[in-house]
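Heads up, the thing below is written out as structure tokens.
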Amino acid sequence: MATQRKLAKIADTKPSGSEIQAPKGKLGVMIPGMGAVATTFVAGVEAVRKGIAKPIGSLTQMGTIRLGKRTDARSPKIKEFVPLAGLDDLVFTGWDIFEDDMYTAATTAGVLERDLLDKVKPLLSSIKPRKAVFDHNYVKKIDGPNVKKGKNKMDLAEQVRADMRAFKKSSGATRLVTIWCASTESYIEQSAAHQSVKAFEKALTQNDENIAPSMIYAYASLMEGVPFANGAPNLTVDIPVMHELSRQNEAPICGKDFKTGQTLIKTILAPGFKARMLGLNGWFSTNILGNRDGEVLEDPGSFKTKEESKLSVLEHILQPELYPDLYGNFTHKVRINYYPPRGDNKEGWDNIDIFGWLGYPMQIKVDFLCRDSILAAPIVLDLVLFMDLAKRSAELRGIGIQEWISFYFKSPMTAPGLYPEHDLFIQLMKLKNTLRHLRGEELITHLGLEYYD
Ligand SMILES: NC(=O)c1ccc[n+]([C@@H]2O[C@H](COP(=O)([O-])OP(=O)(O)OC[C@H]3O[C@@H](n4cnc5c(N)ncnc54)[C@H](O)[C@@H]3O)[C@@H](O)[C@H]2O)c1
């Protein structure tokens, strides 16, 4: 009943816009995990700032938003419509278990060419990783020397909080955002330690094994009132304690798992099949990739975390319970194979068995020769800017989960009990309508009858 009243109230509300503080001063971007994605993101921002590249793939930088009627011809750039931080105002820090600065780490990752990296070398080599919170049991395939020591997990969280404050001071940032770009951790499920702030803090002092390193960064961030975005499929902020802290401290959260390569294509194609009522017998997806992420995902524990995130997509888009004849019985398999020669240039194959009129079968084969970090970097940029916007928005900062940016995630977070929207086009409409709503513009329903009065 209460929910219905709330929904009716929302429907009745005429848009009036809501208060958003101006993005004054520098925005500090804090990145646990300075690997392929993080370095490609920072190098890219610097290259764009220097005018040697364009921010391709970034909705905040290149996207426009239609306002009013189609005949009004009002389509400003998103970055001009909502007050986002400018790229020149971004400053960076990070944590990693390896001691390499961002230039060396970017060279090792092998995503960007040496020529481009050399042009942004001064910034990249100035960013040295802070000591990480790391537990080999959570990421079995890697180990490194640059790791914090502490008397228990609460002590480690305090150290991360101290890092955050030190960075804010030294960089002169007025605001901070944390975005997780570190490895995929072993699969874990919610447990008693995750249910409340009290239980979690007790578990931190008791070194409870159910608290993963990523949760320690998230806790530190939310305790500092800093938004936290989760780029990996880890459980991290998908637990009641983080929802509670996020709302309490007005530190927005979002996740999880950047929607890049194969899942991006899946959430583009599947809504199309459903729109035309084409059935699905099976979808087999396999990948070869040779970067460190691929190596980490060779471990069955880390792969299970990734697999869970990748598999849920089709069920939610195709809604077998509503369309049993079309989607009641399909097979969905996802494989990831670590194959070093490919480096970051992943190859993702999809074999899709669909059926049409009278049940006649057809096949679609997709071979996506993609570049993982090239697809992920603009997502990191947009998330940083939108999470900072959420923190400055009176309406968004206290609501916890930012479902309106599901667009960027394989496994979007939603309020408990609500199923996630996976369809990329619904996600985009949700995002743009949220921006319109924040600025007091009419939402766009695409009804369009007014043009035929
Ligand atoms: N590239 C993509 O398209 C994509 C898409 C979705 C999700 N992701 C996720 O993003 C993350 C980063 O991907 P990547 O390709 O940059 O991987 P990467 O292996 O190149 O970088 C991850 C870095 O995190 C570090 N790390 C691991 N545990 C840490 C900890 N506890 N604290 C600090 N640092 C830690 C590692 O040393 C490594 O340098 C992975 O979890 C990956 O699954 C990537």
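The values are calculated or read from the model by the stated rules, or taken from the named source; none is laboratory data. Everything numeric here is computed off the predicted structure, so don't read it as measured data. Because the Cβ atoms are built from the backbone with ideal geometry, glycine has one as well, and the counts that use them run over all protein chains shown. Side chains included, ligands, DNA and RNA excluded: accessible areas come from the protein's heavy atoms. Shrake-Rupley method; radii C 1.70, N 1.55, O 1.52, S 1.80 Å.
Can you tell me which residue among LEU280, LEU245, LEU264 is touching a helix residue (DSSP H, G or I) at 6+ places or on another chain (Cβ under 6 Å) and either modelled with pLDDT under 95 or farther than 17 Å from ILE317 by Cβ (or both)? Steps first, answer last, please.
Numbers: LEU280 fails: either modelled with pLDDT under 95 or farther than 17 Å from ILE317 by Cβ (or both); LEU264 fails: touching a helix residue (DSSP H, G or I) at 6+ places or on another chain (Cβ under 6 Å).
Selected residue: LEU245, the only one of LEU280, LEU245, LEU264 that is touching a helix residue (DSSP H, G or I) at 6+ places or on another chain (Cβ under 6 Å) and either modelled with pLDDT under 95 or farther than 17 Å from ILE317 by Cβ (or both).
I'm trying to understand the selection: among the residues of the stretch 429-447, which are open to solvent by 20 Å² or more (accessible area, probe 1.4 Å), touching a residue at least 60 places away in the same chain (Cβ under 8 Å) and out of contact with any His (no Cβ under 9 Å at 6 or more places or on another chain)? Steps first, please.
Looking only at the stretch 429-447, we keep the residues that are open to solvent by 20 Å² or more (accessible area, probe 1.4 Å), and these are 429-430, 432-434, 437, 439-443, 445-447.
With touching a residue at least 60 places away in the same chain (Cβ under 8 Å) added as a condition, the list becomes 432, 437, 439-443.
Correct list: LYS432, HIS437, ARG439, GLY440, GLU441, GLU442.
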Next item on the list: Check every one of the helices (runs of 4 or more DSSP H) wholly within the stretch 7-97 and list those with 1 or more residues that are within 16 Å of the ligand (Cβ to nearest atom) and in contact with a strand residue (DSSP E or B) (Cβ under 6 Å, 6 or more places away or on another chain).
Entry: 36-49
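Here is a check on your reading of the model: is SER411 among the hydroxyl-bearing types (Ser, Thr, Tyr), within 14 Å of the ligand (Cβ to nearest atom) and outside any helix (DSSP H, G or I)?
Working: among the hydroxyl-bearing types (Ser, Thr, Tyr): yes; within 14 Å of the ligand (Cβ to nearest atom): yes; outside any helix (DSSP H, G or I): yes.
Judged against the criteria, SER411 is a match.
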Next item on the list: Quick one: LEU90 ticks every box in (1) among the hydrophobic types (A, V, I, L, M, F, W, C); (2) surrounded by fewer than 20 Cβ atoms within 10 Å (Cβ to Cβ); (3) under 24 Å from ILE405 (Cβ atoms) except a single one, so which number is it?
Entry: (2)
Margin query: Of the residues HIS437, HIS446, HIS422, only one is farther than 25 Å from LEU90 by Cβ and in a helix (DSSP H, G or I); which?
Written below: HIS437
Next item on the list: Among the residues of the stretch 331-377, write down those that are more than 16 Å from the ligand (Cβ to nearest atom) and on the phi > 0 side of the Ramachandran plot.
Entry: LEU358, GLY359
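Quick grid of which residues meet (1) touching a Gly at 6+ places or on another chain (Cβ under 9 Å); (2) touching a residue at least 40 places away in the same chain (Cβ under 8 Å); (3) closer than 26 Å to ALA218 by Cβ:
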| position | (1), (2), (3) |
| --- | --- |
| ILE317 | no, yes, no |
| PRO340 | yes, yes, no |
| GLY348 | yes, yes, no |
| GLN402 | no, yes, yes |
Checklist line | In the stretch 185-194, the residues that are away from the ligand (no atom under 16 Å from the Cβ) and either within 25 Å of ASN146 (Cα to Cα) or open to solvent by 50 Å² or more (accessible area, probe 1.4 Å) (or both) | finding: GLU189, GLN190, ALA192
Checklist line | Residue pairs meeting the criteria (Cβ under 6 Å; at least 6 apart or on separate chains; first closer than 21 Å to PRO213 by Cβ, in the stretch 93-113; second part of a strand (DSSP E or B) and open to solvent by less than 50 Å² (accessible area, probe 1.4 Å)) | finding: THR93/MET30; GLY94/ILE31; TRP95/PRO32; TRP95/ALA132; ASP96/ALA132; ILE97/ALA132; ILE97/VAL147
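Every residue in the stretch 331-349 that is within 21 Å of the chain's Cα centre (by Cα) and more than 14 Å from GLY110 (Cβ to Cβ), please. Walk me through how you get there before you give the answer.
Going through the stretch 331-349, the residues within 21 Å of the chain's Cα centre (by Cα) turn out to be 334, 336, 344-346, 348.
Answer for the stretch 331-349, where residues must be within 21 Å of the chain's Cα centre (by Cα) and more than 14 Å from GLY110 (Cβ to Cβ): VAL334, ILE336, GLY348.
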Item checked: helices (runs of 4 or more DSSP H) enclosed by the stretch 111-184 - at least 3 residues per element that are open to solvent by 40 Å² or more (accessible area, probe 1.4 Å) and basic (Lys, Arg) -> 153-171
Note to self: Going by what's in this entry, would TYR451 be described as part of a helix (DSSP H, G or I) and among the aromatic types (Phe, Trp, Tyr)?
What the structure shows: yes
Check: Which residues, counting only those in the stretch 38-71, are open to solvent by less than 70 Å² (accessible area, probe 1.4 Å), over 17 Å from PRO122 (Cβ atoms) and free of Cβ contacts under 8 Å to residues at least 24 places away in the same chain?
Finding: GLY63, THR64
Check: Taking into account only those residues within the stretch 297-330 that are away from the ligand (no atom under 15 Å from the Cβ) and polar (S, T, N, Q), which is nearest to the chain's Cα centre (by Cα)?
Finding: GLN319
Margin query: Step by step: first the residues of the stretch 233-269, then only those that are open to solvent by 20 Å² or more (accessible area, probe 1.4 Å) and among the aliphatic types (A, V, I, L, M), then the one that is nearest to the ligand (Cβ to nearest atom). Which residue is that?
Written below: LEU264
Item checked: Matching residues in the stretch 357-411 - criterion: being open to solvent by 10 Å² or more (accessible area, probe 1.4 Å), small (Gly, Ala, Ser) and over 14 Å from the mean Cα position of the chain (by Cα) -> GLY359, ALA394, GLY398
Next item on the list: Scan LYS141, LYS169 and give me the residue that is out of contact with any Phe, Trp or Tyr (no Cβ under 7 Å at 6 or more places or on another chain) and within 15 Å of the ligand (Cβ to nearest atom).
Entry: LYS141
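Can you find even one residue in the stretch 143-155 that is at positive phi and free of Cβ contacts under 8 Å to residues at least 60 places away in the same chain? Even if it seems obvious, please write down each step before you answer.
Kept after step one, since they are at positive phi, are these residues of the stretch 143-155: none.
Checking the stretch 143-155: not a single residue is at positive phi and free of Cβ contacts under 8 Å to residues at least 60 places away in the same chain.
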